[in-house]
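First up is the structure itself, then whatever we jot down about it.
The values are calculated or read from the model by the stated rules, or taken from the named source; none is laboratory data. On a predicted model such as this, the values are computed, not experimentally measured, just so you know. Glycine gets a Cβ as well: all are built from the backbone with ideal geometry, and neighbour counts include every protein chain shown. Side chains are part of the model used for accessible areas, which takes the heavy atoms of the whole protein and leaves out ligands, DNA and RNA. Shrake-Rupley method; radii C 1.70, N 1.55, O 1.52, S 1.80 Å.
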Amino acid sequence: MTIDPSLERYSRQMRFGGVGVEGQKRLRAAKVALCGCGALGTVLANALVRAGIGYLRLIDRDFIETHNLQRQILFDEADVTANLPKAEAAARKLRLINSQVTIEPVVTDIDRTNILSLVSDADLILDGTDNFEIRYIINDAAVKLGKPWVYGGVIGSHGQTMTIIPGETPCLRCVIEAAPAPGEAATCETAGVLAPTVNVIASYQATEAIKILTGHVESINRDLIFLDVWENVHKRFSISKLRERNNCVCCKQNKFEWLDGAHGSQTTSLCGRNAVQVSHRVAGRLDFDAMANQLGTVGSVSFNRFMLKFIVEDYEFTVFPDGRAIIKGTNDPDKARTLYAKYIGH
Ligand SMILES: [Zn+2]
């Protein structure tokens, strides 16, 4: 049998029975939308471009900073100096790695208004984001469009992943009904993140992507996998019954609350004050004691029962018990939302 010479570079991958020549051809025909090009996103992009997918859309709103280099494997010091957006810098690197792959960098903030157009022509959506708000928007879009997606999340030395095939496996909302309240969950900013954790979780996600794109849905992971690489913990949570058991708002009732804007944050620029208000709906009240403990490690915090003040970098946060925050030091709603996600949570 003669093999297409352009497939030669994948000979070791094609020799693996799960892929084969047929699987490799399927990979080449595949289009993937990757949401987020930070820690998980760079590892995912690297794996899939080397594996020989046909088309990769890389979506990210951020610029590269020096403290990203510890774990975001496609970037280097020259990218920081050049002040490049992550999607653009990653695309340049990826084209050097494999010129057979079409790479489309998109520098934008993913939200409910643009997600459908960003993913509607993709065969698969990958989660390389760092916040739950965007994950629920991805989940709504994926279920609505009937497209598979792979969730991954990391913090400190632990991470988790699950694979969603709409209509077949539980969706994100079947498993995690609501996002952690702002301030409740640790963020990478407060708890840090160990690079090997990222590599392990993203490698699971990339493997799931290869299974799906080569037509091996029967081999996908149907559990929620949880790993802690520091504490030596490997756990699998059986979630396969959750879809039948629950009347999921998203994948059973087909109500797409995150796409419709019933959930999620809203921002208002406070004119003339160099401040932006971020309204984030939470059930109940924020726990200022717990938040002060976490935020105290990165900035200065004071609070009373009406508000919490937090000063970090050049910004001053005033957070209210209902989740609303005013962030002083910027007029840019995108920047304010990023800061909110970074320090307060998602
Ligand atoms: Zn569901």
Write down the Kirkwood hydrodynamic radius of the chain, to one decimal in angstroms, obtained as one divided by the mean of 1/r over all alpha carbon pairs.
21.0
How big is the charge dipole of the stretch 66-129 about its Cα centre, in debye rounded to the nearest 20, if each Lys and Arg gets +1 on its Cβ and each Asp and Glu gets -1 on its Cβ?
160
Sorting S117, S240 on solvent-accessible surface, 1.4 Å probe, most exposed first, gives S117, S240
In the stretch 1-131, what percentage of the DSSP-assigned beta bridges are antiparallel, given to the nearest 5?
5
Using eta = 0.692 mPa s and T = 37 °C, Stokes-Einstein with Kirkwood Rh from Cα pairs puts D for the stretch 5-147, in µm² s⁻¹, at 210
Where only protein heavy atoms count, and the probe is 1.4 Å, what is the accessible area per residue for the chain in Å²?
45
Below 8 Å, C-alpha to C-alpha, sequence gap of six or more: please give me the relative contact order for the stretch 302-346 in percent.
22
Where does each of K342, K328 land when they are ordered by accessible area, with a 1.4 Å probe and the largest first?
K328, K342
Rounded to whole Hz and in sequence order, give me ³J(HN,Hα) for the stretch 151-168 from the Karplus expression 6.51 cos²θ - 1.76 cosθ + 1.60, θ = phi - 60°, writing x for Gly and Pro.
8, x, x, 9, 7, x, 10, 10, x, 8, 8, 8, 10, 10, 10, x, x, 10
Report, by chain and number, residues whose modeled amide H sits under 5 Å from the one on G323, excluding near sequence neighbours (fewer than 5 apart, same chain).
L286
Calculate what fraction, in whole %, of the accessible area of the chain sits on carbon and sulfur atoms when a 1.4 Å probe is rolled over the protein chains.
50
Whole-Å distance linking the alpha carbon centroid of the stretch 157-174 with that of the stretch 288-346 is 30
Please list the equivalent ellipsoid semi-axes of the stretch 164-279, computed as the square roots of five times the alpha-carbon gyration tensor eigenvalues, in descending order and whole angstrom.
31, 23, 14
So how do T81, T102, T42 rank on accessible area, 1.4 Å probe, biggest first, that is with the largest at the start?
T81, T102, T42
Output the DSSP H helices from the chain with an along-axis C-alpha extent of no less than 24 Å and a mean Kyte-Doolittle hydropathy no less than -1.0.
195-213
Sparse-neighbour loop sites [trypsin sites (Lys or Arg not before Pro); the stretch 203-294; at most 10 other C-beta within 10 Å; DSSP]:
K241
Antiparallel DSSP bridges in the chain: what percent, to the nearest 5?
70
Along the charge dipole of the chain, Cβ charges K/R +1 and D/E -1, which of H234, L286, H67 sits furthest on the positive end?
H234
Which three extents, in whole angstrom, do the alpha-carbon atoms of the stretch 230-346 cover along their principal axes, largest first?
51, 40, 26
With N residues in the stretch 83-185, what two-decimal value do you get for its Cα radius of gyration over 2.2 N^0.38 Å?
1.18
